[in-house]
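Step one of this worksheet: look at the structure below.
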Number of protein chains: 2
Amino acid sequence: MKTSAPKVKDVARIAGVSTATVSRALNDPDKVSEATRTAVLEAVKQTGYRVNQAARNLRTNTTRTILALVPNLANPFFSNILSGLERELATANYNLLVTDSAGGKLSASDIGRLIAAGQADGLIILDGNSSRADIEQVQDEYPECPLVYACEWVEGFAGPSVRADNEGGIRLLADHLWDHGHRCFGHVTGPADNILSRYRRHAFETRLQELGGTVKDNWIIPGDFSIASGSAAAEKILQMTDQPTAWICASDTMAFGMISTFTRAGLDVPGDVSVTGFDNIEMTEVFNPPLTTIHQHRNKMGQQAARCMLDRLANRPAAKTQGVVMPVYLIARGSSGPVRER
Amino acid sequence: MKTSAPKVKDVARIAGVSTATVSRALNDPDKVSEATRTAVLEAVKQTGYRVNQAARNLRTNTTRTILALVPNLANPFFSNILSGLERELATANYNLLVTDSAGGKLSASDIGRLIAAGQADGLIILDGNSSRADIEQVQDEYPECPLVYACEWVEGFAGPSVRADNEGGIRLLADHLWDHGHRCFGHVTGPADNILSRYRRHAFETRLQELGGTVKDNWIIPGDFSIASGSAAAEKILQMTDQPTAWICASDTMAFGMISTFTRAGLDVPGDVSVTGFDNIEMTEVFNPPLTTIHQHRNKMGQQAARCMLDRLANRPAAKTQGVVMPVYLIARGSSGPVRER
DNA sequence: AAGCTTGTTGTAATCGATTACATAGAGGTA
DNA sequence: TACCTCTATGTAATCGATTACAACAAGCTT
């Protein structure tokens, strides 16, 4: 009894109207009379009709699909953002297509290919690795395809972006440690070319200068957000003859690696040295010691980015063409404490 | 200078052939002569032509898109699987559409709507929450849409699934603890209706019976994979007058919660009690103490599931119609040790 | 009554590809 | 030469919706 899926035609026949009327009843109910509308809806129910998206997409030249470009899908950091994105898009009846940019820098033509081939109405980019020129070229080539940056962004690009207050976060941490009496600070950075790393590092240097704290060049250690790089940094630190009393790591994961290595070497955190992270990932609370860190609403960032995208798609005013900076919060826990009396 | 995107027609005109030939040159190169093929390719390059997917989808009634149904996108556990999926699908030129089933049980019509509306060629389900009847109904209604389960699955469903050897993992843990002299075991389960929970719990009970260890009813504590439920279990345990010397938690996160609470209560892990997890998430290694757990190749599971899907789509023999069980590995670390002498 | 507006509906064109069918020419065979 | 086969290509139908345009009726205005 395998009958092929019902078409508008079938619905029209059953409802006793034309296909145009069916389409109108479904997409623009105000355009038809009360009577026909109910007749059509009844026929739809009866036939079990469902619109063929491919046909609609072709005709209307839209897809109701948003493409998200994620630097690394395997990184749990992004899953919360995706979750926020997905939920918000779903409520507006948009689909979420996901692509892993696999860390590589995407050229303009790479992105162009995604837009053209991926058949998306808009692009949400979580990966700040592309150059400004490339992005602007893409925006030029596909002016009808909105681009929205989330989490990461590209310096100087004039389009909308949603991001956390990275500098504010670092300032909160620095002030927190300063209040506990720390005067000598170290910092483990993220990847050198990552925009989050750069902002966090810059805020670190600036704030400490404002406070009048001590920072030495070799107290700024390059990392890459990974646990391993946090451990490696700790190894390096253990060799130093003069060490700061407080370390601000650019990510929770690096802080975990650092604390773990410190602890194994017999150091007490926070007794001997305070260590802080950034992100407030789930595990921070049960870590031993619990990690002092900066909380950012990743879910809400995703949601916000999705809203921004929907606004642009609907040509709504979208005051936020420039950039939304989401507030962050200090979560003080056990990994930071008063500076040790010598 | 805004000219609309080039069409097959344009390419055909420039290459001096018909649209049919262009299409053939692009999709079935063997069907045209060497000369026309190069002419067409040249014209494509010259015009910058890119196929309009919507049109192709409509005509061929396919989408080159696979829909993944994830129980909870925000759960990092799934990001690795998605990553494996995405990478494998991308190599075969398929897109990945992601939907969060938000924990709710999906009915047959929910899934049907996703298939019909989401315009996907296949469905990879990471969420074992649907009933067998529902799934079979979907498979009946959409026989041309392959379903593949990954990670979780539905008991009794005859379609393909890719999953970890959950029972084997629990056995490895039980044996490991047994070898360290433990004789009294407790278990913290996942959600009662989750298939992974059920399999792990069942393996736990069975193996301990085989070994001759002691398990009491109140040593099996219901959890839900969350950190908080691990902590809650620990609180309960601390009230018990007789406690087992070893706890097997059904997830790493619960083990973290448990250890954290134990430690704060003054218990030493593993001196006073051994605790193990399941999953080997990234943090296990730097946790204090490092967590003994079971490693599963989540990335490879995703990859495998994607391959299985691609095989089915290509009508390849796909010997693996029934179910692939991926091996798991014991990772013995510091959270488990010899039973304490009394 | 003629003319205009408004609301509702139908006819048929359209989106941009793929592909069934027809055709022409080259080469082979009897 | 007549006939058949095979390859390469073109013509036009087709996928299933949306929508521009036309048509018609009802209600108003003058």
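The values are calculated or read from the model by the stated rules, or taken from the named source; none is laboratory data. Just so you know, these numbers come straight off a predicted model, no measurement behind them. Because the Cβ atoms are built from the backbone with ideal geometry, glycine has one as well, and the counts that use them run over all protein chains shown.
Worth pointing out:
- If you go through region A:55-94 and keep only what is within 16 Å of DNA strand D (Cβ to nearest atom) and free of Cβ contacts under 8 Å to residues at least 40 places away in the same chain, you end up with A:A55, A:R56, A:L58, A:R59, A:T60, A:N61, A:N93.
- Taken over region A:172-195, the criterion of being touching a helix residue (DSSP H, G or I) at 6+ places or on another chain (Cβ under 8 Å) and either in a helix (DSSP H, G or I) or not assigned by TED's automatic domain parsing to the domain that holds A:I220 (or both) is satisfied by A:A174, A:D175, A:W178.
- Test: residue in region B:65-85 that is assigned to a helix (DSSP H, G or I), more than 19 Å from B:A306 (Cβ to Cβ) and under 15 Å from the mean Cα position of the chain (by Cα): yes
- Some residue of region B:57-70 being more than 11 Å from every other protein chain (Cβ to nearest Cβ), buried (at least 21 other Cβ atoms within 10 Å of the Cβ) and more than 16 Å from DNA strand C (Cβ to nearest atom): yes
- Checking each residue in region B:244-258 for being closer than 8 Å to B:A234 by Cβ and in contact (Cβ under 8 Å) with a residue 40 or more places away in the chain picks out only B:M258.
- Residue list for region A:17-35, filter: surrounded by 18 or more Cβ atoms within 10 Å (Cβ to Cβ) and not basic (K, R): A:V17, A:T21, A:V22, A:S23, A:A25, A:V32
- Among the residues of region A:1-16, those that are surrounded by fewer than 13 Cβ atoms within 10 Å (Cβ to Cβ) and more than 12 Å from DNA strand D (Cβ to nearest atom) comprise A:M1, A:K2, A:G16.
- So B:G277, is it under 23 Å from the mean Cα position of the chain (by Cα) and either in contact (Cβ under 8 Å) with a residue 12 or more places away in the chain or outside the structural domain of B:A228 (by TED's automatic domain parsing) (or both): yes
- Pairs, first closer than 20 Å to A:G48 by Cβ in region A:9-34, second among the aromatic types (F, W, Y) and surrounded by 18 or more Cβ atoms within 10 Å (Cβ to Cβ), C-beta under 6 Å, six or more apart: A:V11/A:Y49
- When B:S83, B:S101 are checked against the criterion of being closer than 30 Å to B:Q296 by Cα, surrounded by 22 or more Cβ atoms within 10 Å (Cβ to Cβ) and within 12 Å of chain A (Cβ to nearest Cβ), B:S83 stands alone in meeting it.
- Residue in region A:116-133 that is assigned to a helix (DSSP H, G or I) and of a type outside the set (A, V, I, L, M, F, W, C) present: yes
- Condition met for B:D121 (of a type in the set (D, E), more than 17 Å from B:Q304 (Cα to Cα) and surrounded by 18 or more Cβ atoms within 10 Å (Cβ to Cβ)): yes
- For region B:45-56, a residue qualifies if it is of a type in the set (S, T, N, Q) and facing chain A (nearest Cβ under 8 Å), and the qualifying residues are B:N52, B:Q53.
- A residue that is of a type outside the set (S, T, N, Q), at the interface with chain B (Cβ under 7 Å from one of its Cβ atoms), more than 16 Å from DNA strand C (Cβ to nearest atom) and surrounded by 20 or more Cβ atoms within 10 Å (Cβ to Cβ) occurs somewhere in region A:89-96.
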